[in-house]
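Here's the structure, in structure tokens; my notes come after.
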Amino acid sequence: MFAPLKELLRPERERTIPVHLGRWSYIGALALVFLLVQTATGILLMVYYRPSAAAAYFSTGIIADEVRLGWLIRSVHHWGSDLLILLGFLHLARVYFTRAYQAPQQLNWMLGLVLLVLILTLGFTGILLPWDQYAYWYMDSARRTISAIPVLGNLVLGLIWGGWELGEEVLLRFYAFHVGVLPWLAFSVLFLHLLLVWRFGVKAPARSAGVATPAATRSLPDFVANLFMVVLIVGGLLLSVAVIFPPVLLERADPLVPLTYAPPRWYLLPLRESLRGLPGVTAAVAVVAFTLLLFLVPLLDRQPAPPTWNRIVQRALGILVIAAWILLGARGYLR
């Protein structure tokens, strides 16, 4: 009776993952799992949230104070966003340092970058939705920073803000992007990303001649079983943080009472420091150039087994970018 089904699943049971990447490959799978967690908790929050300047703050308070386990769902969604972005950065670093962006995965590298940008934008648009003092005045600060970038800044403001005033129209735009546009784009890109992973598999690192290739890890049941255990551990940590450190809801947004300190989320601190530390035109050119450079990495590194000096330069550039990003974030945090 189940013979046709077994034959259909046989290729998936025989699918393997290079043992070199066995541990690090869980990062991408974890990101997928917690993207689904974010989707589920976001849908639950949508039931009670009201996207208007008059009701957004009070509906958020009702979720936190009156809805059964609403505070926990909101807290998991809040910290889950940070976890998802962290996993996205780690997955990008893993692919870069293992040179898994090479043929035939060039397109998948580019799709992964697009997906990471969409996840960052989801986190950014979600900041405004509680409509408290922090949300309002941080967005006001972000708007002034972005507006200083010639051409590109005005394009972003026109697309997301719809103008200069920070009011109900902006809140509705952010809500529409957060729940109606960006999730669909993210899942569409994710589908293509996973389709290419399924088609080409996970690329194993190049090995020197004469070095034996270790046995691979089976996807089913080994990888899936290990992934389940990792999800339980990371999910437990997320739940613990959500219970111990629920997000604070400040007073309702008031344009007449400025908030003296409204720092961005940790993943936006390096970007803000970069934009503030450079003149407007230079900042715009730097952002565009760095983004294009990331997309062009597979085209710049196409040799399966590059010379030692080339490999050293590739790793050094990656470490330099990560160190600069951390230092900029630390400077922004301590400012």
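None of the figures in this text is laboratory data; all of them are computed from the coordinates on show. Keep in mind it's a predicted model, so treat the numbers as computed, not measured. FYI the Cβ positions are ideal-geometry reconstructions off the backbone, even for glycines, and counts take in every protein chain you see.
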**Asked** Taking springs between alpha-carbon atoms closer than 10 angstrom, which of Pro298, Pro51, Pro255 fluctuates most in the Gaussian network model of the chain?
**Response** Pro255
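Around Pro247, under 15 Å between beta carbons, what's the net of Lys plus Arg minus Asp minus Glu among the other residues?
On the way: positive: Arg74, Arg265; negative: Asp65, Asp82, Asp132, Glu251.
Spelling it out: positives minus negatives among the neighbours equals -2.
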**Message:** Can you list residues from other chains, or at least 5 along the same chain, whose modelled amide H is less than 5 Å from the amide H of Asp132?
**Reply:** Ala253
**Fill in**
In this structure, the FRET efficiency calculated for Trp309 and Val47 from their beta-carbon separation, with R0 = 51 Å, to the nearest 0.05, is 0.35
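Remind me, relative contact order of the chain in percent, using alpha carbon pairs under 8 angstrom and six or more residues apart? Working shown, then result.
Values: 301 pairs, mean separation 97.9, N = 335.
The value is 29 percent.
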**Environment charge of Gln303, counting only residues whose C-beta is closer than 13 Å and scoring Lys/Arg +1, Asp/Glu -1** = +2
**Item:** Distribution of pairwise C-alpha distances over region 294-333, 5 Å bins, in %
**Value:** 5, 21, 21, 20, 13, 9, 7, 3, 0
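Projected area of the chain, taken from the Cα convex hull and averaged over every viewing direction, in nm²? Display every interim value, and only then the final one.
Values: hull surface 82.1 nm².
About 20.5 nm², averaged over all directions.
Given only helices, namely DSSP H runs of n ≥ 4 each adding -39500 (n - 2.57), what is the per-residue ellipticity at 222 nm of the chain, to the nearest 500 deg cm²/dmol? Kindly include the intermediate steps, with their values, before the conclusion.
Values: 14 runs with 219 residues, N = 335.
Calculated at 222 nm, the ellipticity per residue is -21500 deg cm²/dmol.
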**Message:** Using Cβ contacts closer than 10 Å as the measure, can you line up Met229, Met46 from fewest to most?
**Reply:** Met229, Met46
**Compactness of region 219-335, expressed as Rg and Dmax over alpha-carbon positions, Å** = 21.0, 61
**Item:** Residue of Leu36, Leu317, Leu92 that the Gaussian network model of the chain assigns the largest fluctuation, springs spanning Cα pairs under 10 Å
**Value:** Leu317
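Using a 10 Å cut-off on Cβ atoms, rank the peptides 25-35, 53-63 from the highest mean neighbour count down.
Details: 25-35: 20.7, 53-63: 17.8.
Ranking, from highest mean packing down: 25-35, 53-63.
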